[in-house]
Amino acid sequence: MRQNPQNPPPFWHLPLYAFAATRTPAVVRSFYNSPWVCLRRAAPRGFTLLEVLIALAVVAIALGAAVRAVGGVTDHSLEASGRILASWVAQNRLAEHIARRDWPEAGETRGTAEQGARSWLWQETVKETPNPGFRRIEIKVGADGDDEDYVLARLIGYLANPANNPPNIPGSNPQPPNNPGSNSPNNPGNNAPDNPAINPPNNPANPS
């Protein structure tokens, strides 16, 4: 039996070759072809079904982790944009109260507002403060349709009593006109020429 020198036989075949060296070719041929001795080289084989299933399971786990990571990043960006829009709604509500000089009664008020092509639900809670000239207002904003307890933005401010701070209307307190007799630098009377009756010139008949 001839062997390819590039593919030497396994080491456990050595006793068989030693046995075959002492026999005739016919005996050796019958020995190698016997059903209880298998010396033929195994044919090249592919992946088994178990190996393929294991590889598919590993790929599925890796892809699932990647999809969850991408979904988490997307959800985080959407939540961040929602919080920004909700904070704008709260700031707009407080700025509106200050601009209108509102003095709301203590209690809760709810309503909706549009911001960023979305509908938002706001809730205002007004409370008294130790200073009767101010009231505390807390504004909570959440997405319309979500749970009311899920708040995306919260803003706290204080409103002043407009009765204690009258508005400054132009023209309501006119300034008095300048008195010509005052010592204002813009008064032309302060720069008048010398009056001869007040400061007569030197008389030659009255030598000094």
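The values are calculated or read from the model by the stated rules, or taken from the named source; none is laboratory data. Remember, it's a predicted structure, so these values are computed and weren't measured experimentally. Cβ atoms come from the backbone with ideal geometry, glycine included; neighbour counts cover every protein chain shown. We work out accessible area using only protein heavy atoms, side chains counted, and drop any ligands, DNA or RNA first. Shrake-Rupley method; radii C 1.70, N 1.55, O 1.52, S 1.80 Å.
A Cβ distance below 9 Å, combined with a sequence gap of six or more or placement on separate chains, defines the contacts here; from region 136-153, residues that are at positive phi reach residues that are assigned to a strand (DSSP E or B) in the pairs Gly145/Ser119; Gly145/Leu121. Residues of region 160-177 include at least one that is open to solvent by less than 80 Å² (accessible area, probe 1.4 Å), of a type outside the set (D, E, K, R), modelled with pLDDT of 60 or more and part of a strand (DSSP E or B).
Here's the yes/no breakdown for (1) surrounded by 13 or more Cβ atoms within 10 Å (Cβ to Cβ); (2) in contact with a Gly (Cβ under 9 Å, 6 or more places away or on another chain); (3) within 30 Å of Asn165 (Cβ to Cβ); (4) not charged (D, E, K, R):
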{"residue": "Phe47", "(1), (2), (3), (4)": "no, no, no, yes"}
{"residue": "Leu56", "(1), (2), (3), (4)": "no, no, no, yes"}
{"residue": "Arg68", "(1), (2), (3), (4)": "no, no, no, no"}
{"residue": "Gly72", "(1), (2), (3), (4)": "no, no, no, yes"}
{"residue": "Asp75", "(1), (2), (3), (4)": "no, no, no, no"}
{"residue": "Ser81", "(1), (2), (3), (4)": "no, yes, no, yes"}
{"residue": "His97", "(1), (2), (3), (4)": "yes, yes, yes, yes"}
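Of all the residues in region 99-130, those that are in a loop (DSSP other than H, G, I, E, B), exposed (fewer than 13 other Cβ atoms within 10 Å of the Cβ) and in contact with a strand residue (DSSP E or B) (Cβ under 9 Å, 6 or more places away or on another chain) number 4.
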